[in-house]
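The values are calculated or read from the model by the stated rules, or taken from the named source; none is laboratory data. Bear in mind that the values here come from a model prediction, so they are computed numbers and not experimental data. All Cβ positions, glycine included, derive from the backbone under ideal geometry; neighbour counts span all protein chains shown. Heavy atoms of the whole protein, side chains included, go into the accessibility calculation; ligands, DNA and RNA do not. Shrake-Rupley method; radii C 1.70, N 1.55, O 1.52, S 1.80 Å.
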Amino acid sequence: MTIQEQYELLEKTVRGYNPAADFAQIRAAFEYADKCHEGQKRKSGEPYIIHPLAVAQIVAEELKLDSESIEAALLHDVIEDTPATHEDVAKLFSPTIADLVEGVSKLTRIQYATKEDEQMENLRKMLIAMSKDIRVILIKISDRLHNMRTMEYQSPEKQKQKSLETMEIYAPISHRLGMQRIKWELEDLSLKYLDPIGYEEIVSKLDAKKAEYEAFMLRTQDQIDQRLNELNIQHIVYGRMKHPYSIYRKMFNQNKSLDEIFDLFAFRVIVENVGDCYNVLGVIHDIYKPILGRFKDYIGTPKPNGYQSLHTTVMGTDGYPFEVQIRTREMHEVAEYGVAAHWKYKQNGQGAGTEGRYEWVRRLLENQEGADAEEYIHSLKIDMFSDQVFVFTPNGDVQNLPAGATPIDFAYAVHSAVGNHMVGAKVNNRIVTFDHVLKNGDIVEILTSKAAKGPSRDWMKIAKSSEARSKIRQWFKKEKKEENIANGRAAFEAELKHCGIAMRDVTDPENLPGLLKKVSYGSLDEMYAAIGYGGFTAQKAVSRMHGELQRIAKQHQLEAQAAETAAAAKTSKQAEEPHIPAPKRVKSEQGIIVEGLDNCLVKFSKCCTPVPGDDIVGFITRGYGVSVHRADCPNASKRDDPSQSGRWIKVSWGNDTNDSYPTTLEVVCKDRSNLLLDISAALSTTNTFVLGINSRSTEDEFAIFRIEVRMRDSQQLKVLMNKLHQISGVLKVTRPAG
Ligand code: MN
């Protein structure tokens, strides 16, 4: 086929599914590519343009993509391999086509090295994430398919390397995008170079029985065809052999021989509607004996990549078991072409605007209806990788970082020691600043030095990943304890001041434990250190303490109120009981008649505290009026002293005595437990107004109580003294004097 013929075939193929395609532009793209690649040869010796033409043919034939994709496929190597630039392509064709070509070139530039599984998964994600437009990855896969088809001209080393890459990256991506046919071809082509002997063994065995197999397949196809025609079920039926790589895997993984593989043959029946799928299933089970446990309903429960079909395995008339897959036309297109099939549907709806670009993803997701939706979302969210960025280490490992990540995030993702000793960073071999934002596919190198001073506090603001931030915090926590405490304390004090809280309220021993509990630190220093290294903030500390301080203040206020209320209640209760009044003041002259003197100042002596009913005498003091003593007070015995005899005068209780008088009792007891309790009980049952109780213990285990009370008269006092005397252990109840 000449180049011109091959181009004609391409146009014919495109016209077959998209008569409205822009053929003038497609031809222009072909001619421009042909001119750019002029003189370049493929390894096979053919002119280079053969390759872009073949890739465009795959894009049209296998994936049925739009005009822009066909043009981009024809142009896919011009930016990478010829002097043409992005600007040239944008001007001659369109910015979108230039972006598609640039996107494919970027994927081409990535250097892969074989890695463990997790790394491979990251690489796949990176490729998908880098293909902002899904058409980029579809063209790239078509490019790879053609390169694999023509791999025989490459060196054995290159064959192995490209095959491994295809097996590990492109075949899984094709599977993920639901493009089974391309996936199989990629796998078979890769296997051919990765294990030539194994591949040959399978292929030659299949070849040896080719005639027998083909006869069997034809017979079976006829049987099914006939029965379905009799039943008037619209259908297409065809058989195929399992492809070599899946046979290889089964033989290798399950250690089976070729004869033991059940689904070496598969038949497909494609019908018009879902109802017919189940009808056909019944027919198949009627003609052939089904093998138990091999029926799978992927229509009811689709696979994560959107695959739908009924699968059953039956025993054929010649003793060959075979699988039958039954599906509708639409299910078939999705199964064979995956994403591309959805792309086609989308294409009929609207133009290639960004809006709805991922419509098919949404549609696919909606079709899942909870069938392993989790895995599906993870495997197929193309533009949903926008929150992640994938970059390379210098030795080809992929690091998965949050979008917006910087060299700081990268360094700490590699190792905290790398981050802590970082003095500079290179991206794609150029020195960059620490806040440089990393892009998909960047190769990042961190320059470290033993003499590095360690991270700066600003790094915490620059870093995007919580991992980097927490590692930086760890460093400050450990390396700079003293400094952290000082810085933390300063920040805390400033914030306290700002909120109008006094430091002494915080350090108050009564408040501090509660406050520390609020912030969950064992001591203020611990909290200062945390604020210092950034694990906690002064604002948070103060706002939590503020709440606690307010709570304490409120508590105190409530307690005071409660005490007041209780006191008020007590006072009003006593007021209701007329015989125990509680006057607040004692008028000194009241209740005492001083012989021969009216309206003189009267006060009661502290030494003997007389109450109405007691025998009393008065003593005229200098300037303080008359002091009243009990007649039996030792001080009153001095009235016989000639020098003072003139100052002792006769006094007596009048009828208008006060409601009560303070007086003191002394109780001597054998000390025992609960003594005070019993004394209190006696005071309480006699409704005694108590001013105070003092007690002291003597060395010989006696207890002496001094009880200050208010008494109406000596009669009431006598009742109280008797009551006290009855308490077990009480030896003596007296009225002290002198
Ligand atoms: Mn290429």
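Observations, loosely collected:
- Any strands (runs of 3 or more DSSP E) falling wholly within segment 586-658 and containing at least 2 residues that are surrounded by 20 or more Cβ atoms within 10 Å (Cβ to Cβ): 592-594, 602-604, 616-620, 626-630
- Of all residues in segment 269-280, those that are assigned to a helix (DSSP H, G or I) have Cβ atoms under 8 Å from Cβ atoms of residues that are surrounded by fewer than 20 Cβ atoms within 10 Å (Cβ to Cβ) and among the hydroxyl-bearing types (Ser, Thr, Tyr), 6 or more apart or on another chain, in 274/328; 276/328; 277/328.
Residue by residue, here is whether (1) in a strand (DSSP E or B); (2) touching a residue at least 60 places away in the same chain (Cβ under 8 Å) holds:
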site: 193; (1), (2): no, no
site: 199; (1), (2): no, no
site: 204; (1), (2): no, no
site: 213; (1), (2): no, no
site: 219; (1), (2): no, yes
site: 222; (1), (2): no, no
site: 229; (1), (2): no, no
site: 236; (1), (2): yes, no
site: 259; (1), (2): no, no
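- Condition check for residue 441: surrounded by fewer than 22 Cβ atoms within 10 Å (Cβ to Cβ) and touching a His at 6+ places or on another chain (Cβ under 9 Å): no
- Under the condition of being more than 24 Å from residue 334 (Cβ to Cβ) and open to solvent by less than 30 Å² (accessible area, probe 1.4 Å), the residues counted in segment 284-313 number 1.
- Residue within segment 691-713 that is in contact (Cβ under 8 Å) with a residue 40 or more places away in the chain, outside the structural domain of residue 606 (by TED's automatic domain parsing), out of contact with any Lys or Arg (no Cβ under 7 Å at 6 or more places or on another chain) and in a helix (DSSP H, G or I) present: no
- Residue check for residue 114: assigned to a helix (DSSP H, G or I), surrounded by fewer than 20 Cβ atoms within 10 Å (Cβ to Cβ), modelled with pLDDT under 90 and β-branched (Val, Ile, Thr): no
- Top-ranked residue of segment 227-241 - restricted to ones that are exposed (fewer than 13 other Cβ atoms within 10 Å of the Cβ) and more than 21 Å from residue 316 (Cα to Cα), ranked as farthest from the chain's Cα centre (by Cα): 232
- Complete set of residues in segment 528-559 that are in a helix (DSSP H, G or I) and of a type in the set (Val, Ile, Thr): 531, 542, 552
- When 635, 722, 658 are screened for being over 60 Å from the mean Cα position of the chain (by Cα) and modelled with pLDDT of 90 or more, only 722 passes.
- Selection of segment 242-255 for residues being free of Cβ contacts under 8 Å to residues at least 60 places away in the same chain and either basic (Lys, Arg) or crowded, with 16+ Cβ neighbours inside 10 Å (or both) yields 242, 243, 244, 247, 248, 249, 250, 251.
- Inclusion of residue 132 among residues that are modelled with pLDDT of 85 or more and not polar (S, T, N, Q) is not warranted.
- Cβ-Cβ under 8 Å pairs, at least 6 apart or on other chains, segment 429-456 side among the basic types (Lys, Arg), far side in a loop (DSSP other than H, G, I, E, B): 450/421
- Screening residue 95 with (1) more than 16 Å from the ligand (Cβ to nearest atom); (2) under 45 Å from the mean Cα position of the chain (by Cα); (3) open to solvent by less than 70 Å² (accessible area, probe 1.4 Å); (4) not hydroxyl-bearing (Ser, Thr, Tyr) gives one miss only, at (3).
- Residue in segment 488-506 that is within 26 Å of residue 419 (Cβ to Cβ) and not assigned by TED's automatic domain parsing to the domain that holds residue 455 present: yes
- Qualifying positions in segment 48-88 - of a type outside the set (A, V, I, L, M, F, W, C), within 11 Å of the ligand (Cβ to nearest atom) and over 16 Å from residue 133 (Cα atoms): 48, 51, 52, 77, 80, 81
- Every listed requirement among (1) surrounded by 13 or more Cβ atoms within 10 Å (Cβ to Cβ); (2) outside any loop (DSSP other than H, G, I, E, B); (3) within 52 Å of the chain's Cα centre (by Cα) is met by residue 16 save one, (1).
- Every pair of residues 6+ apart whose Cβ atoms lie under 8 Å, when the first sits in segment 70-83 and is touching a residue at least 40 places away in the same chain (Cβ under 8 Å) and of a type in the set (S, T, N, Q) while the second is in a loop (DSSP other than H, G, I, E, B) and within 11 Å of the ligand (Cβ to nearest atom): 82/37
- If only residues of segment 19-36 that are open to solvent by less than 30 Å² (accessible area, probe 1.4 Å) and within 19 Å of residue 90 (Cβ to Cβ) are counted, the one that is nearest to the ligand (Cβ to nearest atom) is 33.
- In segment 265-275 there is no residue matching the filter, namely being open to solvent by 40 Å² or more (accessible area, probe 1.4 Å), at pLDDT below 90 and of a type outside the set (D, E, K, R).
- A single entry from 405, 413 fulfils the requirement of being closer than 18 Å to residue 469 by Cβ, touching an Asp or Glu at 6+ places or on another chain (Cβ under 7 Å), hydrophobic (A, V, I, L, M, F, W, C) and crowded, with 18+ Cβ neighbours inside 10 Å: 413.
- As a summary of the residue check, residue 197 satisfies the conditions (1) under 30 Å from residue 277 (Cα atoms); (2) open to solvent by 60 Å² or more (accessible area, probe 1.4 Å) except for the one numbered (1).
- Number of residues in segment 686-709 that are of a type outside the set (A, V, I, L, M, F, W, C) and open to solvent by less than 70 Å² (accessible area, probe 1.4 Å) equals 5.
- Hey, residue 678 of a type in the set (Asp, Glu) and in a helix (DSSP H, G or I) or not: yes
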